[in-house]
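Colleague: Can you read through this structure? Questions will come right after.
The values are calculated or read from the model by the stated rules, or taken from the named source; none is laboratory data. Remember, predicted model here, so these are calculated numbers, not experimental data. Cβ sites come from the backbone with ideal geometry, for glycine too, and all protein chains shown count toward neighbours. Surface accessibility is based on the protein's heavy atoms, side chains included, excluding ligands, DNA and RNA. Shrake-Rupley method; radii C 1.70, N 1.55, O 1.52, S 1.80 Å.
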Amino acid sequence: MDLKHHHVEVNGLRLHVAEQGEGPLVLLLHGFPESWYSWRHQFAPLAEAGYRVVAPDQRGYARSDRAANVDEYSMPYLVGDVVALIAALGAEDAVVVGHDWGAPVAWTTALLRPDLVRGVVGLSVPPLPPAGMPSVESSRKIYGDRYYQAYFQEPGRADAELAADPAATLRRLLVTASGDGPSPEPVPWVVPEGAGVVDSLPEPPELPAWLTAADLAVFAEDYSAPDAFTGPLNWYRNIDRNQGLMAAFQGLRIEAPALYVVGDKDMVTALKGVPELREMLPHIVPKLHADLTLPGCGHWTQQERPEEVNAALLDFLAAL
């Protein structure tokens, strides 16, 4: 079973997708700053177990089209892409798995379209209905103006810094935020005063075992265009807009069967309110199959710990 690459027309945009296998649809939604390739270790095991595994480059990312306007990266558009993708692939429903930014999209799709989502998995980011994550304003009050989500709000600034040397950007970010990064404990990403966003990430002395030079080259190629980071950053520029757009859905619970997996060295675990959010998981997702913590794993869950993540996914899928 070979990996197939093609494009799918979704809400006026062409999304690049990679897929393998036949059977019930499993959609894999990547995060920032990644692409379909972040799921490279999941395709074969899930396909061999009898699933049709599809990983898109989400809107604005890598080989997919970039929407023209900033507000076209708000949560309703992102969920709309998943809904349209399920239909375009000829499926009636899907299990939706998301990592990092892909997790809020997966959780929110399950929240709004329970008819289409027969199971939902979040890696790294727990569910926070209805908007998916706290407002930038609230984060700014806790961590200051240099907190990465606040830093990303200014159009053009982070875009240019991240795009100046994509290979260096991705090498530094992927290693620093991993379980092999320099910090013994996970810490929020705050850009030091007087530094740029890439300067805030130390140059790793070597690549960890889970990230090869060939892996890095694939990611860097997908970010080689001068505007390659603008679409992904525009997702962040809609965080506050999402608070208003999603306000009507306050109080809804995610009724689909669910799985949550996070590394104990993931920066997300160090954010204010996340431990309390995890305690609330059985209330937010009443059909919680499991809440798993992976020791020594950082932010890039399915890349750093593919065997554990694949085992957890297959266990969850078999239970549906």
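Colleague: Using the eigenvalues of the Cα gyration tensor, what equivalent ellipsoid semi-axes result for region 21-84 when each is taken as the square root of five times the eigenvalue, whole Å, largest first? Don't jump to the answer; show the numbers that get you there.
Modeller: On the way: eigenvalues 125, 34, 12 Å².
Ellipsoid semi-axes (Å, largest first): 25, 13, 8.
Colleague: Further question: Under the classification rounded if a/c is under 1.5, otherwise prolate if a/b is larger than b/c and oblate if not, where does region 116-229 fall, given a ≥ b ≥ c as square roots of the Cα gyration tensor eigenvalues?
Modeller: Numbers: a/c = 1.42, a/b = 1.15, b/c = 1.23.
Cα axes put region 116-229 in the rounded bin.
Colleague: Mind giving me the FRET efficiency for ALA49 and ASP145? R0 is 56 Å, r the Cβ-Cβ distance, nearest 0.05 is fine. All intermediate terms of the calculation are to be shown ahead of the outcome.
Modeller: Details: r = 47 Å, r/R0 = 0.83.
Efficiency at R0 = 56 Å is approximately 0.75.
Colleague: Top mean-square fluctuation among VAL285, VAL218, VAL117, Gaussian network model of the chain, C-alpha springs under 10 Å?
Modeller: With Cα springs under 10 Å in the chain, the top fluctuation among VAL285, VAL218, VAL117 is at VAL218.
Colleague: Using a 1.4 Å probe on the protein heavy atoms, what percent of the accessible area of the chain belongs to carbon and sulfur? Mind dumping the intermediate values first?
Modeller: On the way: 6610 of 12340 Å².
So the carbon and sulfur contribution to the accessible surface is 54 percent.
Colleague: Taking springs between alpha-carbon atoms closer than 10 angstrom, which of GLU34, GLU255, GLU193 fluctuates most in the Gaussian network model of the chain?
Modeller: Of the options given, GLU193 has the highest mean-square fluctuation.
Colleague: State the Kirkwood hydrodynamic radius of region 232-279 in Å, one decimal place, computed from all pairs of distinct Cα atoms. Write down the numbers at each step before the final one.
Modeller: On the way: mean 1/r = 0.0735 Å⁻¹.
Taking every pair of different Cα atoms in region 232-279, averaging 1/r and inverting gives 13.6 Å.
Colleague: Next question, about the same structure. According to a simple spin-label model (label point 7 Å from Cα along Cα-to-Cβ), what is the distance in nm between LYS4 and ASP227?
Modeller: Result for the modelled spin labels: 3.1 nm.
Colleague: May I pose another question? Antiparallel as a % of all DSSP beta bridges within region 1-142, to the nearest 5?
Modeller: Details: 11 of 24 bridges.
Antiparallel: roughly 45 percent of the beta bridges in region 1-142.
Colleague: Next question, about the same structure. Under a point-charge model restricted to the Cβ atoms of Lys and Arg (+1) and Asp and Glu (-1), what is the dipole moment magnitude of region 203-320 relative to its Cα centre, in debye to the nearest 20? Display every interim value, and only then the final one.
Modeller: Details: 8 positive and 17 negative charges, 123 e Å.
Once rounded to the nearest 20, the dipole reads 600 debye.
Colleague: So if the hydrodynamic radius of the chain is defined as the Kirkwood radius over C-alpha pairs, what does Stokes-Einstein give as its diffusion coefficient at 4 °C and 1.567 mPa s, in µm² per second?
Modeller: 67 µm²/s
Colleague: Distance in nm between label sites at ARG40 and ALA87, each 7 Å beyond Cα in the beta-carbon direction?
Modeller: 3.5 nm
Colleague: Can you list, largest first and rounded to whole Å, the semi-axes you get for region 53-129 by taking the square root of 5 times each eigenvalue of its Cα gyration tensor? Present the calculation step by step, with values, prior to reporting the outcome.
Modeller: On the way: eigenvalues 68, 46, 29 Å².
That gives 18, 15, 12 Å for the three semi-axes.
Colleague: Could you identify which residue out of PRO134, PRO184, PRO232 has the top mean-square fluctuation in a GNM of the chain using Cα springs shorter than 10 Å?
Modeller: The residue with the greatest mean-square fluctuation here is PRO184.
Colleague: Additional query: Using amide H atoms built in the peptide plane, which far-off residues or other-chain residues are under 5 Å from LEU294 H to H?
Modeller: For LEU294, whose amide H was placed from the backbone, the distant partners under 5 Å are VAL262, GLY263, ASP264.
Colleague: In region 69-121, with Lys and Arg counted as +1 and Asp and Glu as -1 at Cβ, which of these residues, LEU78, VAL97, GLY119, has the Cα nearest the positive end of the dipole, that is, farthest along it?
Modeller: GLY119
Colleague: How much FRET efficiency would the formula 1/(1 + (r/R0)^6) give for ALA217 and ARG278, where r is the Cβ-Cβ distance and R0 is 45 Å, rounded to 0.05?
Modeller: Values: r = 36 Å, r/R0 = 0.80.
In this case the efficiency is close to 0.80.
Colleague: What nm value, rounded to one decimal, do you get for the distance between ASP264 and PHE249 when each label is placed 7 Å out toward the C-beta?
Modeller: 3.3 nm
Colleague: Where does region 183-320 land on the Kirkwood hydrodynamic radius, alpha-carbon pairs, in angstrom? Could you put the intermediate results ahead of the total?
Modeller: Numbers: mean 1/r = 0.0547 Å⁻¹.
With all distinct Cα pairs of region 183-320 included, I get 18.3 Å.
Colleague: Kindly report the accessible area of region 34-137 per residue (heavy atoms of protein chains, probe 1.4 Å, no ligands, DNA or RNA), in Å².
Modeller: Numbers: 2770 Å² over 104 residues.
Accessible area per residue: 27 Å².
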